[in-house]
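The block underneath contains the structure these notes are about, expressed in structure tokens.
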Amino acid sequence: MTLKILLLLSILLLLITSWWLQRFSKKLAIGCVLVGLGTIGLGYTYRKTIYRYYAQNKADIRKRIGTPTCQINSKVLKFKRDDYTTKHRAQAHKLKDIKAVHTNAERDDYVEKGVLVPLKNTDGWIVKSMDYGSPFVHSKLYQKLEMIEQRFAEKQQEHNLSGIQFVISSAYRTIDDQERLRKVNHNATVDSSHSYGASVDISHLRGKDCEQATELFQETLNELQKEKQLWLCPESITMHVTLRE
Ligand SMILES: [Zn+2]
């Protein structure tokens with residue numbers, strides 16, 4: 001509703017109320033008109049403050065009833081750390097059908113060939129928007145993500161939980177993306193397994209009762225690590241997961 005319509009409606013309502021009141025007392029009707037006009041005037045003058053207050057409250061309400069999230073990182077979960085250079089990066093170099101490239105145009109050649117596949121939200125996972133990189137993974141990693149999704153869903157079912165998704169915060173990065181990332185994160189490596197589509201970072205679980213599900217997610221990754229399906233590297237704000245073959 002626009003502000004003008006709201007103003008007109010308020011004045012109309014005020015006039016109707018006053019007309020109804022003047023049948024009982026003219027003074028009361030005049031008083032009502034004065035108080036009403038004063039209130040409308042004040043409301044109009046401070047409209048920006050009122051909007052701001054309303055908008056802030058709306059965000060608070062959304063935060064209170066929004067879907068809960070639980071962190072996934074080295075502080076929350078305990079894993080055997082697979083060495084980055086000899087396991088994660090070595091695995092990426094073993095992929096014969098992909099090389100690290102600089103630009104998104106070069107990346108698109110791999111997408112066209114089906115070596116890299118787009119990563120979209122599913123029932124089991126959510127893909128966050130990415131500042132450093134893009135939502136693609138190597139087709140072999142996609143299969144492993146489906147394994148995690150299925151195993152985690154089974155465990156949820158066994159424990160009468162459902163609908164808890166894992167959040168993928170980072171996936172494919174060109175060499176240029178990686179360079180940009182290194183400017184803000186000095187721990188980021190030059191030759192990353194992300195540049196081969198071989199790794200994703202998982203940052204959260206999302207859904208009601210995600211706290212209870214955190215242990216189940218740990219179990220899921222532990223099992224797949226033992227079954228030699230994945231390499232894991234717990235980091236301070238995410239879990240770095242690489243395909244293993
Ligand atoms: Zn990573």
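The set of residues in segment 184-207 being out of contact with any strand residue (DSSP E or B) (no Cβ under 6 Å at 6 or more places or on another chain) and crowded, with 23+ Cβ neighbours inside 10 Å consists of SER192, HIS194, SER195, TYR196.
Listed here are the residues, each with its yes/no results for (1) more than 10 Å from the ligand (Cβ to nearest atom); (2) touching a strand residue (DSSP E or B) at 6+ places or on another chain (Cβ under 6 Å); (3) farther than 25 Å from VAL117 by Cα.
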{"position": "ARG173", "(1), (2), (3)": "no, no, no"}
{"position": "ASP177", "(1), (2), (3)": "yes, no, no"}
{"position": "GLU219", "(1), (2), (3)": "yes, no, yes"}
{"position": "TRP231", "(1), (2), (3)": "yes, yes, no"}
{"position": "PRO234", "(1), (2), (3)": "yes, no, no"}
{"position": "THR238", "(1), (2), (3)": "no, yes, no"}
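When SER169, SER162, SER129 are screened for being surrounded by 15 or more Cβ atoms within 10 Å (Cβ to Cβ) and either within 19 Å of THR69 (Cα to Cα) or among the hydrophobic types (A, V, I, L, M, F, W, C) (or both), only SER169 passes.
The C-beta contact set for segment 179-194 (first residue closer than 11 Å to HIS88 by Cβ, second residue within 9 Å of the ligand (Cβ to nearest atom) and outside any loop (DSSP other than H, G, I, E, B), distance under 7 angstrom, 6+ apart or interchain) comprises SER193/HIS88; SER193/SER199; SER193/THR242; HIS194/SER170. A single member of LEU181, LEU205, LEU141, LEU145 is more than 20 Å from LEU232 (Cα to Cα) and among the aliphatic types (A, V, I, L, M), and it is LEU181.
Any chance you could count how many residues in segment 109-126 are farther than 23 Å from GLU245 by Cβ and surrounded by 14 or more Cβ atoms within 10 Å (Cβ to Cβ)? Selection size over segment 109-126: 1. Checking each residue in segment 20-31 for being surrounded by 11 or more Cβ atoms within 10 Å (Cβ to Cβ) and either part of a helix (DSSP H, G or I) or within 55 Å of the chain's Cα centre (by Cα) (or both) picks out TRP20, LEU21, LYS26, LEU28, ALA29, ILE30, GLY31. When GLU211 is tested against (1) within 16 Å of the ligand (Cβ to nearest atom); (2) loosely packed, with under 14 Cβ neighbours inside 10 Å, only condition (1) is not met.
Read the figures in this text as sums done on the coordinates, not as results from a lab. Since the model is a prediction, treat every value here as computed from it, not as a measurement. Cβ atoms come from the backbone with ideal geometry, glycine included; neighbour counts cover every protein chain shown.
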